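Notes for the one structure printed next.
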Amino acid sequence: RRAHNVLHPRDLRSIDTSNPTACKNPSIVVRQHVIVCNLAPIRCVVVWDRLVVLMPSDDPDLGEALVEQLETLLYAGDPNAESVDDRSSCLDDDRSSTSPASSPPPPPVDDVSQKSEASSPTPAPPRECSTGSLTDIVADDYFRQPFELRALEAVLQTCTLRLDEACEAVEGPAEASMRMMQSKLSAAPALPLENLERLRHVKNGVSHLEARARDTAEALTTLLDEDEDMCMMRLSLLRERPRLFDPPISPELLTQHEDVELLLESYLQETEAVQTRLELLRLRIDNAEDLFAMKLDLARNRLITADTIFTLVSMCLAAGAVIGGFFGMNLHQDKSSFLIVALSTAVGMAFLTFIVMFVLVKTGTLV
């Protein structure tokens, strides 16, 4: 059997927590017998009967949330089923090897990361290939609800819930900062720098979450565009009937992935909904910043208007000084000549000032 779409070391480097630059963009990579998920904050590898997760050291509650979601999907409605905690290995350092279920308890978790492994509740051996149409085979796999799809759903649900919680956590400070800015702007045009700095930090957090939601949605969209990848996500069926997936995969099998498509589309819609909330919040922050900029522009325009008025008054006074310079040494010594020139100059300056101001206001130059 030819090797087709096999797992490469570069695929595992995308979830390597020791190299932060290599696991930056969210992605879901489907390879032969394995699904590699890099969805912040979860980085995991899904096989047909277990889920291996690299846990971040700065989020101790993430493992419990993922196990709870996985238990809900695996053992819902089965009171006699054994929990994931009983069948999974304890949390271990992500650089140590995964120990089997019968091994003694692993050492305590260090400060770098954790690795959790959850096994399928019913790891059955490969079944014998029975006769039947391809549609019946895929329908049987759909009704069995294979472990890999339930594990992937638990990962997507946990990531979506964490993204929604982060969105709710940033909405409160953003609303408070915008209300404080509006109250301060209504009271006085000046705004303290600490309020602007707080709003800037909130906007950075919103932009980061928006980019994270957008990248997650793009990863899901990319996977939805690949029929072969969605078909290869049936890891249990691939293990039981590997001949069905020999390249080239039959067109009939490539169309039998409705359950996988519905799973991905549902979480794509939730991710896009969170992205829309974050985008609207960022736009509201931008509107608040634009309002503050408009207040600053209005204050600057008032200063420019005052400067223009003083300049015009100075120009009119300078015109009076010119007249005084012309006639200062040529007036008669009697008092009446001085009064006539002084009064005429004052009236002329006032009239000139009125004419200039009227023209500026009439033309809209001076508001």
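What to note about this one:
- Residue that is modelled with the highest pLDDT, among those in the stretch 189-213 that are of a type in the set (Gly, Ala, Ser) and open to solvent by 40 Å² or more (accessible area, probe 1.4 Å): 207
- In the stretch 24-62, the qualifying residues are those that are among the basic types (Lys, Arg) and under 19 Å from the mean Cα position of the chain (by Cα), and the one that is modelled with the lowest pLDDT is 24.
- Filter pass, residue 196 being under 24 Å from residue 288 (Cα atoms), of a type outside the set (Phe, Trp, Tyr) and part of a helix (DSSP H, G or I): yes
- Of residues in the stretch 304-319 being aliphatic (A, V, I, L, M) and farther than 18 Å from residue 361 by Cα, the one least open to solvent (accessible area, probe 1.4 Å): 319
- Check on residue 109, at pLDDT below 50, of a type in the set (Val, Ile, Thr) and open to solvent by 40 Å² or more (accessible area, probe 1.4 Å): yes
- Condition check for residue 262: under 30 Å from residue 207 (Cα atoms), open to solvent by 80 Å² or more (accessible area, probe 1.4 Å) and either touching a helix residue (DSSP H, G or I) at 6+ places or on another chain (Cβ under 7 Å) or assigned to a helix (DSSP H, G or I) (or both): yes
- Residue within the stretch 226-238 that is part of a helix (DSSP H, G or I), of a type outside the set (D, E, K, R) and open to solvent by 50 Å² or more (accessible area, probe 1.4 Å) present: no
- Scan of the stretch 7-62 for residues that are part of a loop (DSSP other than H, G, I, E, B), in contact with a Cys (Cβ under 8 Å, 6 or more places away or on another chain) and buried (at least 19 other Cβ atoms within 10 Å of the Cβ), ordered by number: 15
Residue-by-condition table, conditions (1) open to solvent by 50 Å² or more (accessible area, probe 1.4 Å); (2) of a type in the set (D, E, K, R); (3) closer than 26 Å to residue 210 by Cα:
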{"residue": "257", "(1), (2), (3)": "no, no, no"}
{"residue": "266", "(1), (2), (3)": "no, no, yes"}
{"residue": "271", "(1), (2), (3)": "no, no, yes"}
{"residue": "285", "(1), (2), (3)": "no, no, yes"}
{"residue": "294", "(1), (2), (3)": "yes, no, no"}
{"residue": "297", "(1), (2), (3)": "yes, yes, no"}
{"residue": "302", "(1), (2), (3)": "yes, yes, no"}
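- Only residues that are assigned to a helix (DSSP H, G or I) and open to solvent by less than 70 Å² (accessible area, probe 1.4 Å) were counted across the stretch 240-255, and they come to 6.
The values are calculated or read from the model by the stated rules, or taken from the named source; none is laboratory data. Keep in mind it's a predicted model, so treat the numbers as computed, not measured. Please note: Cβ atoms are built from the backbone with ideal geometry, for glycine as well, and neighbour counts cover all protein chains shown. SASA here: full protein model, heavy atoms, side chains in, ligands and nucleic acids out. Shrake-Rupley method; radii C 1.70, N 1.55, O 1.52, S 1.80 Å.
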